[in-house]
Every structure is written in C-alpha cells, then in structure tokens.
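Engineer: Take this structure, written in structure tokens, and hold onto it; I'll ask about it next.
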Amino acid sequence: WDNADFSRGVGTTFYQEFLTLNTAKPPFVRDVEAKIRRYLRSSYSAAWTLKITWEKAPAYAARTDTRRTITYQAILTTDGFRSYILMLYQQGGMQWDYTRLAATNVLIGYT
C-alpha cells in the first residue's frame with residue numbers, strides 16, 4: 001500500500017477484533033474461514049481475527065487531492081498455528097491516481 005493521509009480530516013481508520021477460541025463465531029468470521037478453506041483448499045478454524053478498515057482514505061499527500069479516496073481492508077486471522085491475511089479492496093480496485101503519487105513504483109499488496 002502507499003501512504004494514506006488523514007491529515008485533512010478526510011477518511012478514517014477503524015478495527016474490530018474477534019476472539020473466537022471458545023465462543024460462537026459471528027457470520028464475519030465464518031465467512032473468513034470459508035474464504036481460506038476455498039482459496040487454499042485446507043481446513044481452517046479461526047481462534048482470533050482482526051478486521052482493519054481504511055474508509056475513504058486519500059493518498060499522501062492529501063493537500064493535493066482529497067477527492068479520490070479508497071476504502072480497503074486487511075483481515076488478519078490465526079488458528080494458533082497458521083496465520084493468514086486477506087486484503088480486500090472496494091470494487092474497481094485501488095482508486096488513487098498513481099501518476100500523482102510521490103513514488104512511481106506502485107504495488108498493491110505487501111512484501
């Protein structure tokens with residue numbers, strides 16, 4: 001991800017933690033488990049999941065353009081032995097104008 005810039009009061013970041021080791025699992029966690037099972041073709045039962053959402057985040061530097069924003073999420077989850085991350089972007093993918101970013105080597109994801 002490139003840098004999001006919330007300094008102009010546009011956009012927000014929030015998170016929600018799901019502890020599910022010995023409790024009933026909410027539909028969100030069951031959906032995450034189903035995605036991991038489907039994509040990786042392995043059994044998986046989450047013990048802990050964290051959903052982080054960047055909502056209407058403008059690209060750095062926001063002083064140049066706060067109209068083009070993006071909403072995206074990172075879902076971190078573990079069963080205590082294996083850990084996964086799901087990276088979800090709003091329909092249409094990254095909406096920032098990469099030609100106006102400080103870095104020219106744009107990559108969606110992580111390394």
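The values are calculated or read from the model by the stated rules, or taken from the named source; none is laboratory data. Note that the coordinates shown come from a computational prediction; the quantities given were computed from them, not determined experimentally. Glycine gets a Cβ as well: all are built from the backbone with ideal geometry, and neighbour counts include every protein chain shown. The protein model used for the area step is the full one, side chains on, heavy atoms only, and it has no ligands, DNA or RNA in it. Shrake-Rupley method; radii C 1.70, N 1.55, O 1.52, S 1.80 Å.
Engineer: Here are Ile85, Ile52, Ile75, Ile70: which of them is within 21 Å of Phe14 (Cα to Cα) and touching a Lys or Arg at 6+ places or on another chain (Cβ under 6 Å)?
Structural biologist: Ile75
Engineer: Taking the stretch 62-76 only, how many residues are surrounded by fewer than 16 Cβ atoms within 10 Å (Cβ to Cβ), at pLDDT 70 or above and over 23 Å from Phe28 (Cβ atoms)?
Structural biologist: The qualifying residues number 2.
Engineer: Turning to a different aspect of this structure: Considering only residues that are of a type in the set (Val, Ile, Thr) and either touching a strand residue (DSSP E or B) at 6+ places or on another chain (Cβ under 8 Å) or touching a residue at least 24 places away in the same chain (Cβ under 8 Å) (or both), which ones fall in the stretch 1-32?
Structural biologist: Val10, Thr12, Thr13, Thr20, Val29, Val32
Engineer: Which number in (1) closer than 19 Å to Arg82 by Cα; (2) open to solvent by 20 Å² or more (accessible area, probe 1.4 Å) marks the one condition that Val10 misses?
Structural biologist: (1)
Engineer: Can you report the number of residues in the stretch 35-50 which are in contact with a strand residue (DSSP E or B) (Cβ under 7 Å, 6 or more places away or on another chain), without any contact (Cβ under 8 Å) to a residue 40 or more places away in the chain and open to solvent by less than 40 Å² (accessible area, probe 1.4 Å)?
Structural biologist: Number satisfying all stated conditions: 4.
Engineer: I would also like to ask the following. I need a count of the residues in the stretch 1-33 that are within 17 Å of Trp96 (Cβ to Cβ), among the small types (Gly, Ala, Ser) and at pLDDT below 85.
Structural biologist: 2
Engineer: Considering only residues that are of a type in the set (Phe, Trp, Tyr) and either assigned to a loop (DSSP other than H, G, I, E, B) or over 20 Å from the mean Cα position of the chain (by Cα) (or both), which ones fall in the stretch 3-26?
Structural biologist: Phe6
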